[in-house]
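The values are calculated or read from the model by the stated rules, or taken from the named source; none is laboratory data. Since we're looking at a predicted model, the values are computed, not measured. Cβ atoms come from the backbone with ideal geometry, glycine included; neighbour counts cover every protein chain shown.
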Ligand SMILES: C[S@@+](CC[C@H](N)C(=O)[O-])C[C@H]1O[C@@H](n2cnc3c(N)ncnc32)[C@H](O)[C@@H]1O
């Protein structure tokens, strides 16, 4: 199923149970009459729906990231508490499940969807999410969407939206998937495209990396927003002072119990941060890989915005090692510098260089440990950015792969004999993972080492396809789908 909604009987048009759960409250459950309180100037549009609409529009028009736009929109419209939570779920859920909803809308609209005005289509997607995934009573979902379309488009478009959304109520989500998606087969990804709202080329890449058996578990996990995990940077903060349960795999992590991370003092002071557990393991692995002899110089070759570099630097400080963080984009290098600054309190030694990691201004053979957390398609972190699956294109992959190979090659040039490199991507795509490592390990001065013994005890099924490498998965490990490989210079 595309989202965690229990299967149910098809709904009758216009019928609906009481609003419940996170979706309940003034924003969700009440159909607003024309005379209801005005919002957003003179219009009668429900503010939470308006906020979600504004997010979709900004993502579409400005190519923005929803998670960055949302806080500003919520603040501008004065939304807090349940209304803010409703707007957040409405915007994020609609963006994630756009593929499923477009298939549904395509069946309810007489003309091709590309001929529907963008702003009307955005509103229809929002209405469809409320009807099929949020348990908003149909009369409320439809009337508030019609108000929105009337306000943002025209009365004619509002009548059109009314008719289309009544069509959407013909089935519940399971019913629509059963109606629209052909049965799943390993050879065609059409079923997954509709049922799990992933572009077909992405389904095919994920299938190649994972196989058929668990594919649906992965796609389902991609459609659920991850819990927020925090990292306690060693020497600066402890897990015990962070509010939440310890993470199962990372020795530095905590699953945030409730509230915004910015409200946690250690996070506000930069002693802790928000970081996926898989990312924490990447830094941990580089720091714990055995190295004989000198162990003074660690490099993060793709450091922006600095999450892993901050963890590495606090670990390096405990061993009197120095970290050089390299980042090509100047504004991201500034973010790295900001992220590393709190580690000065524990005497950390580091430098941040705005430079090209394929030609870093560092001496070849001078480095003991190097991390290549390579720029990648990010297809292992789809649950984090609801719109990202619709942005990426198949032809993004090749240029990234060429860059990844050059970055890893340059990292290996920096290493002294006996030094170690960790190559990581938040993508499981085989061309970005196994094939990069396999190509670079043709060098006579490099071996791929088995990193599995360095992973936390009891971590299940983390072996990658290429011997010695690791591939984490959201549905298995609760992390992003990070790929990790350990290479040693000989
Ligand atoms: C996956 S992100 C790294 C995330 C980072 N390690 C963290 O944990 O916060 C990849 C980074 O590599 C940077 N990058 C891309 N090409 C680069 C190059 N040629 N040299 C150095 N950095 C590069 C990107 O700007 C981006 O900030």
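Some notes on this structure:
- Exactly one residue out of 457, 463, 439, 411 is crowded, with 24+ Cβ neighbours inside 10 Å and either closer than 19 Å to residue 364 by Cα or free of Cβ contacts under 8 Å to residues at least 60 places away in the same chain (or both): that is 411.
- Check on residue 61, loosely packed, with under 13 Cβ neighbours inside 10 Å, modelled with pLDDT of 95 or more and assigned to a helix (DSSP H, G or I): yes
- In the condition set (1) more than 16 Å from the ligand (Cβ to nearest atom); (2) surrounded by fewer than 18 Cβ atoms within 10 Å (Cβ to Cβ), residue 271 is compliant with all but (2).
- Within region 178-198, the set of residues being in contact (Cβ under 8 Å) with a residue 40 or more places away in the chain, in contact with a helix residue (DSSP H, G or I) (Cβ under 6 Å, 6 or more places away or on another chain) and surrounded by fewer than 21 Cβ atoms within 10 Å (Cβ to Cβ) comprises 180, 181.
- Number of positions in region 300-318 that are outside any loop (DSSP other than H, G, I, E, B) and away from the ligand (no atom under 11 Å from the Cβ): 5
- Verdict on residue 472 being within 16 Å of the ligand (Cβ to nearest atom), at pLDDT 95 or above, closer than 23 Å to residue 323 by Cβ and within 20 Å of the chain's Cα centre (by Cα): no
- No other residue among 405, 369 is assigned by TED's automatic domain parsing to the domain that holds residue 477, closer than 30 Å to residue 296 by Cα, in a helix (DSSP H, G or I) and in contact with a helix residue (DSSP H, G or I) (Cβ under 6 Å, 6 or more places away or on another chain) apart from 405.
- Restricting 173, 210, 218 to those that are crowded, with 22+ Cβ neighbours inside 10 Å and under 16 Å from residue 428 (Cα atoms) reduces the list to 218.
- Note on region 195-211: residues that are farther than 18 Å from residue 393 by Cα and either outside any loop (DSSP other than H, G, I, E, B) or more than 27 Å from the chain's Cα centre (by Cα) (or both) total 2.
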